[in-house]
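Asks: Encoded as structure tokens, here's the structure I'll be asking about.
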Amino acid sequence: MSKPITFLKRLIPSLAPVSHTERLRASLGALTGILLTGFVSTMALGSSISLPLLIAPMGASAVLLFAAPASPLAQPWSILGGNMVSAMIGVTCALVIADPILAAAIAVALSIAVMMLLGCLHPPSGAVALTAVLGGPVTHEAGYWFALTPVGINSALLLAVALLFNNATGRRYPHLAPAASANPHQTADPVPTQRIGVAPVDLQAVLAQYDEVLDVSPDVLDAFLHQAQIRAYHRLSGEITCSDVMSRDVATVSPDDTLRDAWALLLAHRIKALPVVSKADGLVGIITQTDFMQRSVLGSHGSLRLTFGDKVRLVLGGRTKPRVVADIMTRRVQSATPETMIAKLVPPMADLGLHHMPVVDERNQVVGIVTQSDLIAALFQRGLDGTSRSGDGPNRANVA
């Protein structure tokens with residue numbers, strides 16, 4: 001292949017691969033958004049007004065809102081703030097600067113600066129500022145009213161359609177930054193997965209050094225990085241699954257078993273948790289030593305302290321004191337399947353403080369349980385196997 005052709009191919013941007021379904025979804029979203037925006041604008045304002053009911057920059061906004069809804073440039077504040085601010089800047093430049101070319105250049109430059117300052121950078125807003133300057137007599141006569149209609153109304157309507165359409169078609173919008181991972185033990189230490197390897201602070205430092213606007217948020221980059229690390233571990237670890245390491249002879253209780261029997265079972269097996277299963281629904285909860293301790297009062301009588309929800313359930317059940325497992329068990333329990341890779345258990349068990357992960361089949365029946373000890377033993381053994389394999393060649397060479 002010749003060098004010119006190779007160079008030309010390098011000019012083609014490398015976009016993330018997407019399915020045909022996603023391409024169709026984005027296109028239908030833009031169709032719906034522009035169509036409804038124009039229709040509602042016509043119904044609300046009437047077709048007799050002199051100002052345009054739809055402005056060209058809305059087409060560029062539709063590309064971002066429907067084809068890249070996770071982009072920081074496509075968030076609600078970006079489209080509303082960016083378009084409104086740029087419209088007002090464009091109108092101001094058109095009023096105070098006689099030369100339209102100079103006014104257009106300054107309007108776009110100021111719009112970029114103010115949007116970056118306010119955190120509402122939206123590329124189509126540059127076209128909004130340009131339209132405010134070069135839109136002709138009708139736009140100039142509207143003055144600052146142009147920022148409200150059509151710019152403000154178009155932006156709000158398109159945003160409303162994007163909120164409904166994206167979430168209805170499986171795309172979370174708006175993209176909210178995740179809450180900071182709090183240590184479940186309420187200490188100042190970072191969660192375990194952030195103590196080694198690439199941490200968010202490292203990513204922020206690299207982005208600061210890069211010093212350029214990226215069309216992806218830092219939290220998305222961090223999530224992609226962790227997912228890539230998990231995939232790499234799957235490949236290097238031989239894809240160890242829960243089925244390989246889980247305990248299969250699992251002690252369980254039913255919701256109707258007494259607390260006395262559950263506690264005796266914990267002591268007899270020297271374990272700290274019991275999956276709670278029912279014949280009809282399978283896994284319905286888990287009861288741990290922590291559940292007993294959280295509801296106990298350190299007193300001579302060892303009475304149980306209950307939350308408001310516990311008290312409501314007791315009253316509905318015709319009791320005043322907790323007697324059975326269902327009264328104090330944790331109902332929202334995370335579980336895995338036998339095919340789940342153990343690497344996927346590391347974040348919840350390390351960062352969320354989970355010590356036990358019940359393993360269920362397709363009927364939600366408990367078939368095993370993975371504890372932190374099982375996970376550590378599997379990772380340790382895999383490390384030993386990897387070390388021995390990598391050291392076999394050099395050792396034999398030395399002996400020879």
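The values are calculated or read from the model by the stated rules, or taken from the named source; none is laboratory data. Keep in mind it's a predicted model, so treat the numbers as computed, not measured. Cβ placement follows ideal geometry from the backbone for every residue including glycine, while neighbour counts extend to all protein chains displayed.
Asks: Restricted to the range 348-364, and to residues that are in a strand (DSSP E or B) and under 19 Å from residue 291 (Cα atoms), which residue is nearest to the chain's Cα centre (by Cα)?
Replies: In the first step, residues of the range 348-364 are kept if they are in a strand (DSSP E or B); the result is 356-360.
Retained after the next criterion (residues that are under 19 Å from residue 291 (Cα atoms)): 356-358.
Working: 356: 24, 357: 22, 358: 24 Å.
Top of the filtered list is 357.
Asks: Just to be sure, is residue 65 in contact with a helix residue (DSSP H, G or I) (Cβ under 9 Å, 6 or more places away or on another chain) and at pLDDT 95 or above?
Replies: Yes, satisfied.
Asks: Those residues that are modelled with pLDDT under 70 and either part of a loop (DSSP other than H, G, I, E, B) or within 13 Å of the chain's Cα centre (by Cα) (or both), I need them from the range 214-242; list them, please.
Replies: 237, 238, 239 - these are the residues of the range 214-242 that are modelled with pLDDT under 70 and either part of a loop (DSSP other than H, G, I, E, B) or within 13 Å of the chain's Cα centre (by Cα) (or both).
Asks: Here is a check on your reading of the model: is residue 211 within 21 Å of residue 351 (Cβ to Cβ), modelled with pLDDT of 75 or more and not assigned by TED's automatic domain parsing to the domain that holds residue 372? Don't jump to the end; show me each part of the working.
Replies: Values: within 21 Å of residue 351 (Cβ to Cβ): no; modelled with pLDDT of 75 or more: yes; not assigned by TED's automatic domain parsing to the domain that holds residue 372: yes.
No; evaluated as a whole, the condition is false for this residue.
Asks: Could you list all residues from the range 6-27 that are modelled with pLDDT of 90 or more, charged (D, E, K, R) and farther than 18 Å from residue 70 by Cβ?
Replies: None; the set is empty.
Asks: What helices (runs of 4 or more DSSP H), lying completely within the range 2-87, carry at least 1 residues that are closer than 30 Å to residue 177 by Cα and not assigned by TED's automatic domain parsing to the domain that holds residue 221?
Replies: 20-45, 57-62
Asks: Moving to a separate point now. For the range 97-173, which helices (runs of 4 or more DSSP H) that fit wholly inside it have 3 or more residues that are surrounded by fewer than 23 Cβ atoms within 10 Å (Cβ to Cβ) and under 24 Å from the mean Cα position of the chain (by Cα)?
Replies: Qualifying helices (runs of 4 or more DSSP H): 153-168.
Asks: Contact list please: Cβ distance under 7 Å, first residue in the range 200-228 and small (Gly, Ala, Ser), second residue at pLDDT 85 or above and not in a loop (DSSP other than H, G, I, E, B), pairs at least six apart or on different chains.
Replies: Here the result reads 217/72, each pair linking the range 200-228 to a residue that is at pLDDT 85 or above and not in a loop (DSSP other than H, G, I, E, B).
Asks: Let me ask something additional. Tell me the residue from 340, 371 that is modelled with pLDDT of 80 or more and touching a His at 6+ places or on another chain (Cβ under 6 Å), please.
Replies: Sole residue among the options that is modelled with pLDDT of 80 or more and touching a His at 6+ places or on another chain (Cβ under 6 Å): 371.
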